[in-house]
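See below for the structure under consideration.
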Amino acid sequence: MSNWRRFSAIAVVTILAVFVFGALGICSAVAPLANDDVIKMVEAHLDESIIIAAINSSEKMFDLSPNGLIALQKAGVSPNVLKAMMGVVAFPEVGAGQVPAKGDFFWVNEAGQLITIPKHPGIQDVGLLSGKYVIKGKQSSFRITFSEAPMKFISKIPIDSAGVQGGDLFKLGLLKKGNRYLAMKMVLTSPGAGAFLPEFKTAYEVTDNPDGTIAIVTKGPLPAGEYAFARGSVTDAGVAFYDFGIDPK
């Protein structure tokens, strides 16, 4: 074969390879989610939680102009799905009968499923009115992967011995001995002298659900670390802790 023919054959093969691999690249690329895609999912009667999960996990190119939103609403797109399209974290509503009978504190994942966070035994630190509770172990066995979105939890409202309802969500500190702790109030370092432990309480909003539970939604993503929900009054001997950890991606 002459050099010219050999060069021509190599050139043709190279061009074909570029064309084929380029075409494959185009075919394998996933188009961003658009308004029509959401409407198709609604018309196919997919569950709202599935549509929201698809929106949260996809590249998006929505038309969110007034006309676009009006068209979406006329097509039957729910308010929660519209909020998800606009970048607002929209958790599916938790109705009566959806909260499991077993368990007291639950994490609501992006699909709207309620995952039980188990109770962990907590022990009060030695010292009068220390306001510090110790949770055994460096980290919780219940792990959640970090997400850029705020988080939602559901709690069955407790009533302590004083008739007080409620609870608080805390980010935990780590003690030198390898246990975790949450600070709740002033600690007395010595008689007549006071000092304050750092506050680990996270920012969140609480709303009442029709079924008598409360919804806790953080005002932003929770950074990687250890957390616990302290259910009941800190002055009640029956206070319970539900601990969980956020792992980095």
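Going by C-beta contacts inside 10 Å, put Leu182, Leu33, Leu46 in order with the fewest on the left. Spell out each step's value before the answer.
Working: Leu182 28, Leu33 18, Leu46 14.
Final ranking by Cβ density, sparse to dense: Leu46, Leu33, Leu182.
With only alpha-carbon pairs counted, each pair once and no self-pairs, how large is the Kirkwood hydrodynamic radius of segment 35-85 in angstroms?
For segment 35-85, the Kirkwood estimate is 10.8 Å.
Using amide H atoms built 1.01 Å from N in the peptide plane, name the residues 5+ places from Lys201, or on other chains, whose amide H lies under 5 Å from its own.
Lys171
So, counting K/R as plus one and D/E as minus one, what does the shell of residues with Cβ under 12 Å around Val42 add up to?
Within the 12 Å Cβ shell, the charges total -3.
In debye, nearest 20, what is the charge dipole magnitude of segment 35-85 about its Cα centre with +1 on Lys and Arg Cβ and -1 on Asp and Glu Cβ, if you could check?
140 debye
So for the pair Ala203, Ile50, with labels modelled 7 Å out along Cα→Cβ, what separation do we get in nm?
Those two pseudo-labels are separated by 3.7 nm.
Just tell me which lysines come within less than 18 Å, Cα to Cα, of Lys171; anything on the same chain fewer than 8 places away is out.
Correct list for Lys171: Lys119, Lys132, Lys136, Lys138, Lys152, Lys185, Lys201, Lys219.
Grab the other residues whose beta carbon is less than 10 angstrom from that of Phe106, score K and R as +1, D and E as -1, and report the net. If you can, show how the numbers build up before the last one.
On the way: positive: Lys152, Lys156; negative: Asp104.
Its environment carries a net charge of +1.
Here, each number is a calculation from the coordinates, and none is a lab measurement. A quick note: this is a predicted structure, and the numbers were derived from the prediction, not measured. Heads up, the Cβs are rebuilt from the backbone with ideal geometry, glycines too, and the neighbour counts pull from every protein chain shown.
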